[in-house]
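First the structure, in the form of structure tokens, and then the observations on it.
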Amino acid sequence: MSVAVASKLLSALVGEDPMKVLAQLKSMRPGVVVVEEGVGDTKELEWVVKTSGWELRRVKPGPSELGLPRLWIEGFRNFIHYGSFGDMLALAMPFMMRAASGWRPPKCPRKLRELRGVSEARVRMYVVNGVPCTVALAVFATLIACEPAIVLESVNVQDYAKKSGSYPVSSVPTIVSGDRRAALNLPMTPDSVAKVVVEVVLG
């Protein structure tokens, strides 16, 4: 899928054009996207990072619970990704990069107020390189910008299965916190996803 077509599709589903978010990033504090050596499908990710005026840095793999290559945004503890990324997921990165730059949306979901007082609301989301998971990542960027307690670990479920020999979830995107889990379905909005996140985190 071409970047232009994918961008229009994502814009229709999220309500914001990732290309405009990229342009917005150029006027904000630039940063660094860090990719561990071994992460595949980074051509589109490299294009996104370069177009935003950010830097892409490759590092040697470090120890990780999942034993998968990772990527993250330097100095931003709220997001880390395990496994390959791909073209569609790369279009969600401008949203996460914007959140890492201190951007705050004009309106935040009221449901997130229930997380106040929680030191860390860590959520793992299993994804593949596809439209629903890209939308979920873009929406999560807004939630993280609204509530810094949220920490998202996104995991490419196909890479996870290659390592473990089995799939941890039956559908994607699915979010997990402790022993609680919930599938996310289109259409997704910050309000609808915030409701699911609060229920999964708080029980």
Consider Pro190 carefully, then state whether it is at pLDDT 95 or above, touching a Pro at 6+ places or on another chain (Cβ under 7 Å) and either hydrophobic (A, V, I, L, M, F, W, C) or open to solvent by 20 Å² or more (accessible area, probe 1.4 Å) (or both).
yes
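Considering only residues that are among the small types (Gly, Ala, Ser), under 18 Å from the mean Cα position of the chain (by Cα) and part of a helix (DSSP H, G or I), which ones fall in the stretch 13-31? Steps first, please.
Residues of the stretch 13-31 among the small types (Gly, Ala, Ser): 15, 23, 27, 31.
Subset that is under 18 Å from the mean Cα position of the chain (by Cα): 15, 31.
None; the set is empty.
Evaluate the stretch 165-181: report whether one residue or more is among the small types (Gly, Ala, Ser) and closer than 18 Å to Gly67 by Cβ.
If we filter the stretch 165-181 for residues that are among the small types (Gly, Ala, Ser), which is where we start, we get 165-166, 170-171, 177-178.
Going one step further and asking which of them are closer than 18 Å to Gly67 by Cβ, we end up with 165-166.
Yes, the stretch 165-181 has at least one match.
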Working only within the stretch 37-75, note down all residues that are surrounded by 20 or more Cβ atoms within 10 Å (Cβ to Cβ), closer than 19 Å to Gln24 by Cβ and out of contact with any Leu (no Cβ under 8 Å at 6 or more places or on another chain).
Ile73
Any residue at all in the stretch 21-32 that is closer than 23 Å to Val157 by Cα and among the β-branched types (Val, Ile, Thr)?
no
Among Val139, Val172, which is touching a Cys at 6+ places or on another chain (Cβ under 7 Å) and not aromatic (Phe, Trp, Tyr)?
Val172
Take Pro132 and tell me if it is open to solvent by 40 Å² or more (accessible area, probe 1.4 Å) and in contact (Cβ under 8 Å) with a residue 24 or more places away in the chain.
yes
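Inside the stretch 76-107, can you point out the residues that are open to solvent by 30 Å² or more (accessible area, probe 1.4 Å) and touching a strand residue (DSSP E or B) at 6+ places or on another chain (Cβ under 8 Å)? Steps first, please.
So the first thing to find is which residues in the stretch 76-107 are open to solvent by 30 Å² or more (accessible area, probe 1.4 Å), and the list is 77, 80, 87, 102-104, 106-107.
Selection gives Arg77, Ile80.
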Here are some conditions: (1) over 24 Å from Val21 (Cβ atoms); (2) free of Cβ contacts under 8 Å to residues at least 60 places away in the same chain; (3) of a type outside the set (Lys, Arg); (4) open to solvent by less than 10 Å² (accessible area, probe 1.4 Å). Leu115 meets all but one. Which one does it not meet?
(2)
If I ask for residues that are more than 20 Å from Leu13 (Cβ to Cβ) and either in a helix (DSSP H, G or I) or aliphatic (A, V, I, L, M) (or both), which ones from the stretch 110-145 would you list?
Arg110, Lys111, Leu112, Arg113, Glu114, Leu115, Val118, Ala121, Val123
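The values are calculated or read from the model by the stated rules, or taken from the named source; none is laboratory data. Quick caveat, the model's predicted, so the values are computed rather than measured. As a convention, Cβ positions derive from the backbone with ideal geometry for all residues, glycine included, and neighbour counts pool all protein chains shown. Just the protein is used for accessible areas: all its heavy atoms, side chains included, with ligands, DNA and RNA removed. Shrake-Rupley method; radii C 1.70, N 1.55, O 1.52, S 1.80 Å.
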